[in-house]
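Engineer: I'd like to ask some things about the structure below.
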Amino acid sequence: MFAADAGRSQHFSLIEQGWLLDFSRLPLTRPQLEKVAGSIEAAGLADAVKRLFGGAIVNPSEQRPALHMALRAADPASFPGADPEQTLAGHRHRFLELAGDFHGGGAGLTDLIHVGIGGSDLGPRLVADALDHNDGSVRVHWLSTVDARRTQRLLNSLDPSSTGVVIASKSFSTEETLLQAATLRDWLGDRFINQAWAATASPDSALAFGLADGHILPFPDWTGGRFSLWSSVGVSAAAVIGRARFEQLLQGAAQADAVFSGQAPLKSLAVHVAMLMHFLRRGLGANTLGVVAYDPRLALLGDYLQQLVMESLGKGVDLDDAPLTETTSPLIFGGRGTDLQHSIFQALHQAPDSHPLLLVAALESGHDRQDWHRVQLAHLLAQATAMARGREDDRPCRRLPGNRPVMTLIAERLDARALGFLLASFEHAVFALSVLWRINPFDQWGVEEGKRLAAAYKESLAECGDLDLEAWLTLSDRGMRS
Ligand code: F6P
């Protein structure tokens, strides 16, 4: 394809708001791309976007709109139905002010522990990691999975008199989060009331847990967990990067909203990502998509997209509750490029299965070690080329078949605005795919059964007393029969 088209890189790429999406290394023709664009249009993207931004019930199984765009809008009340009591701007101001105090040292804390999981962890942790300029007064520690050893080690290293806690949970009922929060409450003792905050859509539960009324940072329940970065769930990220950068993050995201809801959504980065994911998934039948960072600041992007894409698009029925006959979400995996080169890339280059990749980087480094940064960029180009071109060799074991689908996504500059634009564009890409595939991207019923069963098993385990392997096997077997 490159041989037949001298301008292939220009013809199969897009530059928007400081991001370059290069999809020239996909086995994709212009008519194929136009066909996908036509399908998205025919599926009613324009109408669906109007409904989304107009506050319609786009999450039918929970009878809710999805108005997370209002959380990052200059005027949240401009979104119909989003802000009937005109409170959103005030809530945003409050959590940003608090974050500014944490960042600037005004809160008098040296450390902040953020407890949350899923959407109450992944987005904020990615943003904090990507945009940390090391200029804040507070160290933020992230607790997500139930890890007693790590929590204990962390608490041993901290001083309760100068440590704050943010409990981030939309529902304020997530077991992993509350278990750890209760331990932190015990650890802080009387200080808990003054040194703990909750970012939640369930203020009553937070109050019942012992939080002070004035320390509850609320957000509306139409905010999906995986879309909650823009709400007070982002407070700990804002504490790391500072209020001003967090505001720029919101502005960048609002810019993506303007493009997606504007005159030409089909030309947007978001819809291009959707079209390419559709082509890979249903055109090429790819089961996976690797999101690989060649800039360590974006190392957590794969984790973040794993939840955004798989919780949103991994569904089994369509909008009419009819079983889907075609595939939906790919399995998203990811990590740091130069690490993965020394672990999984061998299989990606030569094993018979093909795993499409999205390689991500930024041209500016954000640090003084230009030489280090250029090494990353060189490796990105090398991998993108080796995957696509392959390698001829007399010895079969040294041959690379090539034609492995690989895309690159490059920022001119990875600042807060650019990151906000990117993350919101991915949200819209997911929405566009949900329109094309006719599924509800805003619910996640599949994860509920595991929670229900875990509660039942917890009771059985409590009755068991000491466990040995025979008892474990009996318990496991019983679960498959009752
Ligand atoms: O995994 C299910 C889920 O509900 C996610 O959608 C959500 O981000 C996560 O759990 C955490 O939920 P919460 O913020 O309510 O604690």
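Engineer: Show the residues, 5+ positions off or on another chain, whose built amide H is closer than 5 Å to the amide H of Ala196.
Structural biologist: Under 5 Å from the amide H of Ala196: Val165.
Engineer: Give me the count of lysine pairs in the chain whose alpha carbons sit under 20 angstrom apart, restricted to pairs 8 or more positions apart or on different chains.
Structural biologist: Here the count comes out as 4.
Engineer: If you don't mind, another one. What ranking, highest mean first, results for peptides 341-349, 217-225 when packing means the other Cβ atoms within 10 Å averaged over each residue?
Structural biologist: 217-225, 341-349
Engineer: Based on the alpha-carbon gyration tensor of region 320-453 and its eigenvalue square roots a ≥ b ≥ c, which shape applies: rounded if a/c is under 1.5, prolate if not and a/b is larger than b/c, or oblate?
Structural biologist: It comes out oblate by the Cα gyration axes.
Engineer: Which percent of the accessible heavy-atom area of region 68-250 goes to carbon and sulfur, probe 1.4 angstrom?
Structural biologist: Solvent-exposed carbon and sulfur of region 68-250 make up 47 percent of the total.
Engineer: Contour minus end-to-end for Arg139 and Lys267, with contour as 0.36 nm per residue of separation and end-to-end as the Cα-Cα distance?
Structural biologist: Extra length from Arg139 to Lys267 when fully extended: 42.0 nm.
Engineer: Give me the one-decimal Kirkwood hydrodynamic radius in Å for region 49-128, with the sum taken over alpha-carbon pairs.
Structural biologist: For region 49-128, inverting the mean 1/r across all distinct Cα pairs yields 14.9 Å.
Engineer: Okay, next question. Given R₀ = 35 Å, FRET efficiency for Gln346-Ala454 by Cβ-Cβ distance, to 0.05?
Structural biologist: Efficiency computed from Cβ-Cβ geometry: 0.45.
Engineer: With both bridge residues required to lie in the chain, what share of the DSSP beta bridges run antiparallel, to the nearest 5%?
Structural biologist: Counting DSSP beta bridges with both partners in the chain, the antiparallel share is about 25 percent.
Engineer: Right, another one. For a paramagnetic label modelled at 7 Å from the Cα of Trp445 toward its Cβ, which residues of region 318-337 fall within the zone defined by backbone nitrogen distances under 20 Å?
Structural biologist: Taking a point 7 Å out along Cα→Cβ of Trp445, the residues of region 318-337 whose backbone N falls under 20 Å are 318-329.
Engineer: OK, next. Run the helix sum for the chain: -39,500 (n - 2.57) per DSSP H stretch of 4+ residues, divided by residue count, reported at 222 nm to the nearest 500 deg cm²/dmol.
Structural biologist: Roughly -14000 deg cm²/dmol at 222 nm, from the helical runs in the chain.
Engineer: Tell me the accessible surface of Ser312 in square angstrom (1.4 angstrom probe, heavy atoms of protein chains only), to the nearest ten.
Structural biologist: 0 Å²
Engineer: Also, I was wondering about something else. Give me, ordered by chain and number, the residues 5 or more places off Thr288 or on other chains with an amide H under 5 Å from its own placed amide H.
Structural biologist: Leu331
Engineer: Over the Cα atoms of the chain, what radius of gyration and what Dmax do you get, in Å?
Structural biologist: Cα-based Rg and Dmax for the chain come out at 23.4, 73 Å.
Engineer: Turning to a different aspect of this structure: Using a 10 Å cut-off on Cβ atoms, rank the peptides 328-338, 391-401, 23-33 from the highest mean neighbour count down.
Structural biologist: The densest-packed peptide leads the list: 328-338, 23-33, 391-401.
Engineer: Counting only C-alpha contacts under 8 Å and six or more residues apart, can you give the relative contact order of the chain as a whole percent?
Structural biologist: 20 percent
Engineer: Related question: Which shape class applies to region 112-180: rounded if a/c is under 1.5, otherwise prolate when a/b exceeds b/c and oblate if not, where a ≥ b ≥ c are the square roots of the Cα gyration tensor eigenvalues?
Structural biologist: oblate
Engineer: Mind running the shape call on region 68-250? Use the C-alpha gyration tensor, a ≥ b ≥ c as the square roots of the eigenvalues: rounded below 1.5 for a/c, prolate if a/b tops b/c, oblate otherwise.
Structural biologist: Prolate is the answer for region 68-250, as a/c is 1.5 or above and a/b outweighs b/c.
Engineer: In region 19-33, whose amide N lies under 14 Å from the spot 7 Å out along Cα-to-Cβ of Arg389? List them in ranges.
Structural biologist: 25
Engineer: With just the Cα atoms defining each centre, how far is region 1-55 from region 163-228? Give it in Å.
Structural biologist: 42 Å
Engineer: Report the accessible area of Ile193, computed with a 1.4 Å probe over the heavy atoms of all protein chains in place, in Å² rounded to the nearest 10.
Structural biologist: That residue has around 80 Å² of solvent-accessible surface.
Engineer: I would also like to ask the following. Please list, ordered by chain and number, the residues whose modelled amide H lies under 5 Å from the amide H of Ala362; skip anything fewer than 5 residues away on the same chain.
Structural biologist: Ala411
The values are calculated or read from the model by the stated rules, or taken from the named source; none is laboratory data. Please read these numbers as outputs of a predicted model, since none were measured by experiment. Note that we place each Cβ from the backbone using ideal geometry, even for glycine, and neighbour counts take in every protein chain shown. To get the accessible areas, we keep the full protein, side chains included, count just its heavy atoms, and leave off ligands, DNA and RNA. Shrake-Rupley method; radii C 1.70, N 1.55, O 1.52, S 1.80 Å.
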